[in-house]
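Following: one structure in structure tokens, then a few remarks.
The values are calculated or read from the model by the stated rules, or taken from the named source; none is laboratory data. Just so we're clear, the structure is a prediction, and the values are computed from it rather than from any experiment. Neighbour counts run over all protein chains shown; Cβ positions are idealised from the backbone, glycine included. We work out accessible area using only protein heavy atoms, side chains counted, and drop any ligands, DNA or RNA first. Shrake-Rupley method; radii C 1.70, N 1.55, O 1.52, S 1.80 Å.
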Amino acid sequence: MMSFGFLIRVGVCVMMLAIGAPLTAMAQHGHELATNTCVVHAGPYKMYFNSYQPDAFYDRQFCKELPGTGNTVLVFDFVEHELRSMPVEIRIIKDTGAEQNLESVTVVHFPPKVYPSGSIDVKYNFDTPGKFVGLVSIGDKPEQPSRFSFSVGETDAMSHLSHYIMIIVPLVVAIGFVVFYALRDRRKPSQVSVSS
């Protein structure tokens with residue numbers, strides 16, 4: 001028969017777990033979201049860069065480390081309003097270290113075009129993991145495209161491990177408390193009052 005004190009301890013442990021685990025998970029996700037908006041510098045201009053993988057992570061946005069392969073949307077949002085009247089060219093290439101023949105390493109190419117909406121959505125199905133480079137050119141005669149690197153399916157495993165540890169450790173501690181108090185209550189000798 002379980003004692004009332006034991007049930008209270010179990011209730012407190014479950015409540016600590018219910019409050020603690022989601023807060024650590026939210027703290028981790030809050031940190032991720034804070035770093036997920038990138039800024040791409042193209043000459044004197046800036047663009048916000050975000051990436052999405054709606055099939056696998058429908059409610060998450062990423063910066064330059066996409067966790068998996070599959071359908072991906074790369075979004076470029078113009079910061080300066082004047083960019084809306086200038087031609088912008090975007091090219092995504094495999095990061096092979098050799099760019100003498102751009103066409104051979106290009107996976108997506110948007111030729112120079114004016115985007116009056118101030119936003120460009122690049123949709124592509126990355127079928128293999130790897131490292132990629134985005135090249136952004138602005139204007140009719142850009143001197144040199146701006147570059148930014150990103151990876152697909154090569155997210156640091158340690159960041160995921162630390163995320164899960166932050167959730168699992170409070171769970172293990174709570175279970176440890178429950179087991180400790182359960183065994184302690186069973187070991188207490190029953191006190192029998194002796195009357196003389």
Just the residues that are within 24 Å of Glu80 (Cβ to Cβ) and either open to solvent by 60 Å² or more (accessible area, probe 1.4 Å) or in contact with a helix residue (DSSP H, G or I) (Cβ under 8 Å, 6 or more places away or on another chain) (or both), please, taken from segment 108-128. His109, Pro111, Pro112, Lys113, Val114, Tyr115, Pro116, Ser117, Gly118, Asp121
Which one is modelled with the highest pLDDT among residues in segment 129-161 that are open to solvent by 30 Å² or more (accessible area, probe 1.4 Å) and either within 23 Å of His81 (Cβ to Cβ) or more than 19 Å from the chain's Cα centre (by Cα) (or both)? Arg147
Flagged in segment 102-118 as in a strand (DSSP E or B) and farther than 22 Å from Glu65 by Cβ, in numbering order, are His109, Phe110, Pro111, Pro112, Lys113, Val114
Taking segment 80-98 and keeping only residues that are open to solvent by less than 60 Å² (accessible area, probe 1.4 Å) and in contact with a strand residue (DSSP E or B) (Cβ under 8 Å, 6 or more places away or on another chain), one is left with Glu80, Leu83, Met86, Pro87, Val88, Glu89, Ile90, Arg91, Ile92, Ile93
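So how many residues does segment 58-76 have that are in contact with a Gly (Cβ under 8 Å, 6 or more places away or on another chain) and either modelled with pLDDT under 85 or open to solvent by 50 Å² or more (accessible area, probe 1.4 Å) (or both)? Steps first, please.
Here is the first cut: in segment 58-76, the ones in contact with a Gly (Cβ under 8 Å, 6 or more places away or on another chain) are 66-69, 74.
This time we only want the ones that are either modelled with pLDDT under 85 or open to solvent by 50 Å² or more (accessible area, probe 1.4 Å) (or both), so: 69.
So the count comes out to 1.
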Taking the options Asn50, Asn36, name whichever one is within 14 Å of the chain's Cα centre (by Cα) and modelled with pLDDT of 90 or more. Asn50
